[in-house]
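The structure appears right after this line, and notes come after that.
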Amino acid sequence: MMAGPVLASSEALPGKPFPEVTFDLVSEIFGHNLDTSEDRLQTLLLAIGMDHTTPTSPHFEEEVGIPFIVHYGPNHWVNRLASGDMSVDVLVNNALLLLFAEADIPNRDKAAYDLMKKASEQGYWPADYFVAETNLLKQLVNGPDVAIPMAPSIENSGLREVAQETMDAFSRCAEVGFAPCRYRVGFWLSNSRQTLQDGLKVLQSAIDVNLKDTRYEDKLDGALVAAAHELATRGEAIGLDSDTVNQYRQLIDQYSRSASRLLN
């Protein structure tokens, strides 16, 4: 089942509320781990929150997310998984416990990935993002600073199947309208001469989504600047006129300053 589009915050309908939980209860389970500096995990939490507040999502009634983990308690979710419950909320909440809980859990990253993969197979697009981003950073590139797979290295290392799975997962969450996935797909496609035009068009759509939704504010400035640079320097491939190119150059200037302020 295809998830409904992620509405921009200015268009969003009233979503299903999260249960109210106290900071002390959250800290008791997660400590300070939710204040992670890892973009992959920050973006996962953003995706879960956006899906949960999108009434057209097929998983709208699922109780996914940190507030539900805290509200019912970790044992509730662990016991449901142990009993064989493979509901999306059970899979994802157990994965979140593995990723963020303060407790020392052996092999937590691999176990969390496996649970998220099961949720992805059930059509939960935030899990698509997590699986794809994990594949990308851990298997397909040498580091997050150059997170664009190179086709020859994929072929030579025998990772073609992983690369296809990763692109498929990014494409599913991009289709829903999640800007981080659109950036990933756009950069990936624009890295090849054969798919350059498609890639630039996806980057255009990523920037449009990014700018329209305030929930992305200050979170994707680096990706926006890089995408605008691609469009400003290679936009002739899709027929961009000089005025449009100048608009992208203005975005580069504006958001480069914004990113610099955040770092300082």
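Regarding segment 178-264, what's the average projected area of the Cα-atom convex hull, expressed in nm²? Don't skip to the answer; put the middle values down first.
Values: hull surface 21.1 nm².
Computed as one quarter of the Cα hull surface, the answer is 5.3 nm².
Is there a quick way to get the dipole size of segment 1-144? I mean about its Cα centre, with the Cβ of Lys and Arg at +1 and of Asp and Glu at -1; what is the value in debye to the nearest 20?
On the way: 8 positive and 20 negative charges, 76 e Å.
Charge dipole, segment 1-144, about its Cα centre: 360 debye, nearest 20.
Sorting Arg172, Arg160, Arg80 on the 10 Å Cβ count, fewest up front, what's the list?
Details: Arg172 21, Arg160 12, Arg80 18.
So the residues, fewest neighbours to most, are Arg160, Arg80, Arg172.
For Gln122 and His32, FRET efficiency with R0 = 25 Å and r from the beta-carbon atoms, rounded to 0.05? Write out the running numbers ahead of the final one.
Numbers: r = 31 Å, r/R0 = 1.24.
That gives a FRET efficiency of 0.20.
Of Lys138, Lys118, how do they rank once you tally other Cβ atoms within 10 Å and put the fewest first?
Working: Lys138 12, Lys118 17.
Sorted ascending by nearby Cβ count, the order is Lys138, Lys118.
Please compute the length gained on full extension between Arg257 and Asp218, using 0.36 nm multiplied by the number of residues separating them and subtracting their Cα-Cα distance.
So the extension gain works out to 12.9 nm.
Test of understanding: ordering Val141, Val185, Val92 by Cβ neighbours within 10 Å, fewest first, what list do you get? Write down the numbers at each step before the final one.
Details: Val141 17, Val185 24, Val92 32.
In order of increasing Cβ crowding within 10 Å: Val141, Val185, Val92.
Of the options Ile238, Tyr255, Ala179, report the single residue whose Cα projects farthest towards the positive end of the charge dipole of segment 178-264 (beta-carbon charges: Lys, Arg +1; Asp, Glu -1).
Highest projection toward the positive end goes to Ala179.
Would you mind working out the magnitude of the charge dipole of segment 178-264 relative to its Cα centre, with +1 at each Lys and Arg C-beta and -1 at each Asp and Glu C-beta, to the nearest 20 Debye? Display every interim value, and only then the final one.
On the way: 11 positive and 11 negative charges, 52 e Å.
So the magnitude is around 240 debye.
Read-outs throughout are calculated quantities, based only on the coordinates presented, and are distinct from any laboratory measurement. Keep in mind the model is a prediction, meaning the values are calculated, not measured. No Cβ is skipped: glycine too gets one built from the backbone with ideal geometry, and neighbour counts run over all protein chains shown.
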